[in-house]
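Every read-out reported here was derived from the displayed coordinates using simple, explicitly stated rules and does not represent laboratory data. On a predicted model such as this, the values are computed, not experimentally measured, just so you know. Using ideal geometry, Cβ is built from the backbone for each residue, glycine included, and neighbour counts are taken over all protein chains shown.
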Amino acid sequence: MRESSGRAEQALRLLGLAARAGGVVPGTDRVRIAARRDELQFVLVADDASANAREKLLPLLAARRVPYREVYTRAELGEAVGRSPLSAIGLTDASLAGRIRELISGSGVQE
């Protein structure tokens, strides 16, 4: 992980808990569907996501006014939720989304 602060690691652990609780939407295609349904509170986009994935996802998130941050790598996001590398993870629970946003903003991870 590029950023080794405790807050950044805590955010990744919280993602894992959210996944086990059913509060995440994994993968670019599923995130796009959830965004169209207005189900998302926050989205994490891997900073090493492909240009194609970004072109499909970022304009939709902006148009739907879904807050997002480009952080972590695809491998880190996937590992956090027990999956293969992911370009995006959507959060559906407002309290979890708020806590992860708070951890990321205070961790030194660029927003």
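Observations
- Cα gyration tensor shape for the chain, rounded if a/c is under 1.5, else prolate or oblate: rounded
- GNM flexibility winner over the chain from 45, 66, 24 (Cα, springs under 10 Å): 66
- Likely footprinting exposure, 100, 33, 89, fewest C-beta neighbours within 10 Å first: 33, 100, 89
- Normalised contact order of the range 6-105, rounded percent, pairs of Cα under 8 Å and 6 or more residues apart: 42
- Mean residue ellipticity (222 nm) of the chain, computed from DSSP H runs ≥ 4 via -39,500 (n - 2.57), nearest 500: -15500 deg cm²/dmol
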